[in-house]
There are 2 protein chains.
Amino acid sequence: MKLKNDLLLRTLRGEHTERAPVWMMRQAGRYLPEYMKLREKHDFFTRVQTPELAAAITIQPIDIIDVDAAILFSDILVVPQAMGLEVQLIESKGPLLPEPVKTQNDLKRICVPDVNERLHYVFDAVKLTKKELNGRVPLIGFAGAPWTLLCYMVQGKGSKTFDEAKAFCYSCPDLAHQLLQMITDTTIAYLKEQVKAGADAVQIFDSWGGLLSKADFENISLPYIRQIVSALKDETKVIIFAKGAWQSLKEMKETGAACLGIDWCIEPEAARSFSGSDICLQGNFDPVKLLSPIPVIKKEVRLMMKGFGKGKHIANLGHGILPTVPVDHARAFVGAVKEYRFE
Amino acid sequence: MKLKNDLLLRTLRGEHTERAPVWMMRQAGRYLPEYMKLREKHDFFTRVQTPELAAAITIQPIDIIDVDAAILFSDILVVPQAMGLEVQLIESKGPLLPEPVKTQNDLKRICVPDVNERLHYVFDAVKLTKKELNGRVPLIGFAGAPWTLLCYMVQGKGSKTFDEAKAFCYSCPDLAHQLLQMITDTTIAYLKEQVKAGADAVQIFDSWGGLLSKADFENISLPYIRQIVSALKDETKVIIFAKGAWQSLKEMKETGAACLGIDWCIEPEAARSFSGSDICLQGNFDPVKLLSPIPVIKKEVRLMMKGFGKGKHIANLGHGILPTVPVDHARAFVGAVKEYRFE
């Protein structure tokens, strides 16, 4: 089916567009009262594993905020779960993996699963969402980067420093690379099936890439992202968002990704100078700034747009939208991007 | 009294030294069993406010780890406390300010205090520490940067994003700047008295500088750091450590600081290219790497030293040492720096 709004895909292909496309990380989420209503009735994994619910949640921000792309409602931790680890998601508290991976023996408890067997509900959700979107906007699929998934699989929960996960990599590099390879193999199969089910592009979230030094990022994270991009890039456009990993923008670009996400802690001009001119950049509005008064949001959006310059830019936040953001502030952000015109 | 080991001060003055000086942020802290013994007997503010205890804790890492500088055992939150806010420090949980600043009215509850009245115990601790150090190594005094203190004074507790503190700055910029100026005035008086009491150098900790975009950092944080450096630099050497604020290294250097601290998420070579060649840099070992096996620590220290190159470098961690670090790993870090020789 031909897309009615293909701004995102044309931008990812490097084509000229009349304006920058805009969407928001975590746009299908807790700041939306419509989402909170479904959340009261269905627990997290019910929402994720029931295609009808996942599709409905995915489409909410298209109806309510009028963004230019949908991103599947799911969670990066479905992959560790499919690999055999128990994952609990305690609302407002974050993830808990009660039996994390610490030793060679623990690795025996996990596997590279048949994704069609363990994650079919995701592919069903993609198919249903595509059908219900009915060509309004493209649908982005996604997965966590292997390093970020390792963080949770080893640490067992969220952390400011992910000290145990990092110490695991420094102390048992062979085990760490085994685990990273297993996650990578699973992720490649997982993303390929998302594309087969209808995802128009995919994003790799390396939320904790910025906890690593440049050398560590390029040893522990980047090689696996590279494998994933290599395996996917002939089938779809791949966006890499490695939060904070500004030092490796050039190396990330060289993976063949179509787009690199950046956060608000790097200026668009600096990111452009590191990544080179021939790649699309995505970002980078400070999500906390959506708590500002609407006139401030509009002014700051104009500064951001000017910073990125014309073309090769997908407007987005620099991290997920916060649950405390008023809906009309989110709408003001999206509206300000759509109104922006280069002189 | 003449210092027996003045490596740190000579490095801060830009002089040639036979090797790089080394100390560790939070070196007087929870990884030391000797510290934990005092912690069992005396609560946090007793330790901070009793000069004999603060001096003993400050000197512990000199005896045990053999670092080249002492840094006063204290806390950045003694300043908000002296300004009139209640500060609770719950062991292993972090700070709590039960009545944070949110409105113009709240500002009336705080003041720019007479530091000699409210913080005399710090100056007494500095004097006693200097006496007991007996010239072995220099003593570093410190304070939090106004932005980082505002984070706690507005948010009321630790946070991953300090969303309320940032939203306060974006929504009520006038109030925010009033508060920042009050903190700055207090901090200048506070650091001047530390120097008068005997501190050989001072460090400004902007732990949350890296949460801000470059433009916000240069609007909200840097102007106040600049005031502090201006007021102090003729009396002592000032080290600025604004974690994550790599985009403003050049601007920080231009304040007249003697040294800039950097974390492990920027390569020494990159930091050098941003800051210019004529300033001392401090850092930047990943504190989590101290959980690695000792041979890995030694190898990584050599890589770090090579990255900084000869001269104008104070070896340190890129953030505070973690409570879980074995003492012999801390010692291995310090030893590896001391052994390092440029070819």
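Taken together, the values in this text are just the output of simple stated rules run on the coordinates, not laboratory data. A quick note: this is a predicted structure, and the numbers were derived from the prediction, not measured. All Cβ positions, even for glycine, are placed from backbone atoms using ideal geometry, and neighbour counts span all protein chains on display.
Calculated mean residue ellipticity, 222 nm, chain A: -13500 deg cm²/dmol, from DSSP H runs (n ≥ 4) at -39500 (n - 2.57) each, averaged per residue and rounded to 500. Indicate the gyration tensor shape class of region A:7-282 (rounded, prolate or oblate), computed on the Cα atoms with a ≥ b ≥ c the square roots of the eigenvalues: a/c under 1.5 is rounded; otherwise a/b larger than b/c is prolate and the rest oblate. Oblate shape, in that a/c is at least 1.5 and b/c is the bigger or equal ratio. For region A:7-282, the residue among A:Ala257, A:Ala242, A:Leu133 whose Cα projects farthest onto the positive side of the dipole built from Cβ charges is A:Leu133.
In this assembly of identical copies, the label point of B:Glu18 (Cα plus 7 Å along Cα-to-Cβ) is separated from its counterparts by 7.4 nm, sorted shortest first. Can you tell which of B:Ala165, B:Ala242, B:Ala215 shows the greatest fluctuation in a Gaussian network model of chain B with Cα springs below 10 Å? Per the Cα network of chain B with a 10 Å cutoff, B:Ala215 tops the list. Over the protein assembly as shown, all Cα pairs binned in 20 Å intervals from 0 give whole-percent P(r) values of 18, 50, 29, 3, 0, listed from short to long. Largest mean-square fluctuation among A:Lys196, A:Lys253, A:Lys237, in a Gaussian network model of chain A whose springs join Cα atoms under 10 Å apart, belongs to A:Lys196.
With R₀ set to 22 Å, the beta-carbon distance separating A:Lys233 from A:Leu38 gives a calculated FRET efficiency near 0.05. Expressed to the nearest 5 percent, the antiparallel share of DSSP beta bridges inside chain B is 15 percent.
Taking Cα centre as origin and charging only the Cβ of basic (Lys, Arg, +1) and acidic (Asp, Glu, -1) residues, the dipole magnitude of region B:82-240 rounds to 320 debye. Between copies, the label points at B:Gly256 (set 7 angstrom from Cα along Cα-to-Cβ) are spaced 5.6 nm, reported in nanometres from shortest to longest. Between A:His313 and A:Leu281, the built amide H atoms are under 5 Å apart, and every one of these is 5 or more places off in sequence or on another chain. Relative contact order for chain B: 21 percent, from Cα pairs under 8 Å spaced at least 6 residues apart, divided by residue count.
Inter-chain neighbour count for B:289-298: the average number of beta-carbon atoms from partner chains within 10 Å of each residue's beta-carbon is 3.
The rotation axis that maps chain B onto chain A passes nearest to the beta carbon of this chain B residue, listed with its distance in whole angstrom: B:Lys160, 3. A simple rule links phi to the HN-Hα coupling: the Karplus curve 6.51 cos²θ - 1.76 cosθ + 1.60 with θ = phi - 60°, which for region A:324-330 gives 8, 6, x, 4, 5, 6, 4 Hz, with x for Gly and Pro. Most simply put, the protein assembly as shown has about 15% antiparallel DSSP beta bridges, counting only bridges with both residues inside it. Rounded to the nearest Hz, the phi-derived 3J(HN,Hα) couplings of region A:269-284 under the Karplus curve 6.51 cos²θ - 1.76 cosθ + 1.60 (θ = phi - 60°) are 4, 5, 4, 5, 5, 6, 7, x, 8, 9, 9, 7, 10, 10, x, 9, where x marks glycine and proline.
Neighbour counts of other Cβ atoms within 10 Å put B:Lys298, B:Lys93 in the fewest-to-most order B:Lys93, B:Lys298. Ordering A:Gln88, A:Ile57, A:Leu32 by Cα displacement along the dipole of region A:8-107 toward the positive end leaves A:Leu32 in first place; charges were set at the Cβ atoms of Lys, Arg (+1) and Asp, Glu (-1). When the GluC sites (Glu not before Pro) in region A:31-140 are filtered for DSSP coil states and for at most 12 other beta-carbon atoms within 10 Å of their beta-carbon, the remaining sites are A:Glu86, A:Glu91. For the listed residue pairs B:Lys214/B:Lys312; A:Lys289/A:Lys310; A:Lys2/A:Lys250; B:Lys192/B:Lys243; B:Lys131/B:Lys312; A:Lys131/A:Lys157, the alpha carbons are over 32 angstrom apart in A:Lys2/A:Lys250; A:Lys131/A:Lys157.
Charge dipole of chain A (Cα centre as origin; +1 on each Lys and Arg Cβ, -1 on each Asp and Glu Cβ, all else neutral): 740 debye, rounded to the nearest 20. Rounded to the nearest 20 debye, the dipole magnitude of region B:228-335 is 360 debye, with +1 charges on Lys and Arg beta carbons, -1 on Asp and Glu beta carbons, and the Cα centre as origin.
Taking amide hydrogens as placed 1.01 Å from N in the peptide plane, the amide H of B:Ala245 sits under 5 Å from those of B:Gly210, each at least 5 positions away in sequence or on another chain.
Here the spin labels are modelled as points 7 Å beyond Cα on the Cα-Cβ line, and at B:Leu107 and B:Ser273 they lie 4.2 nm apart.
Between the residues B:Trp208, A:Ile279, B:Phe123, the greatest Cα displacement towards the positive end of the dipole of the protein assembly as shown, with unit charges on the Cβ of Lys, Arg, Asp and Glu, is found for A:Ile279.
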